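Since the structure comes first, as structure tokens, the remarks are kept for the end.
The values are calculated or read from the model by the stated rules, or taken from the named source; none is laboratory data. Nothing here was measured: the structure is a model prediction, and the numbers come from that model. Quick reminder, even Gly has a Cβ in these numbers, built from the backbone with ideal geometry, and neighbours come from all protein chains shown.
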């Protein structure tokens, strides 16, 4: 099972990409630090990345180690608080 993304989260990522200055075909990448914290950064796609899209447009990259760590989770956005959340994907 891989990481899933909700339509609200993919739409929010696309809107953020449109607002931010970026180089070339950069999109957001989920990055996990040594403490397990997950953040977003701009990056270009690498060969083994999982690519998530919104309406056919790339919005999020997930490298193999992070994809494995987040397998079975869903990325969503809390529209009231304006931040992204991860939760266990319902079976």
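Some points to look at:
- The residue that is surrounded by the most Cβ atoms within 10 Å (Cβ to Cβ), among those in the stretch 71-85 that are modelled with pLDDT of 90 or more and part of a loop (DSSP other than H, G, I, E, B), is 71.
- Filter result for residue 26 (loosely packed, with under 12 Cβ neighbours inside 10 Å, over 12 Å from the mean Cα position of the chain (by Cα) and over 23 Å from residue 90 (Cα atoms)): no
- Selection count, the stretch 59-70, where residues are farther than 25 Å from residue 24 by Cα and surrounded by 13 or more Cβ atoms within 10 Å (Cβ to Cβ): 2
- So residue 17, is it closer than 20 Å to residue 78 by Cα, more than 11 Å from the chain's Cα centre (by Cα), surrounded by 14 or more Cβ atoms within 10 Å (Cβ to Cβ) and modelled with pLDDT of 90 or more: yes
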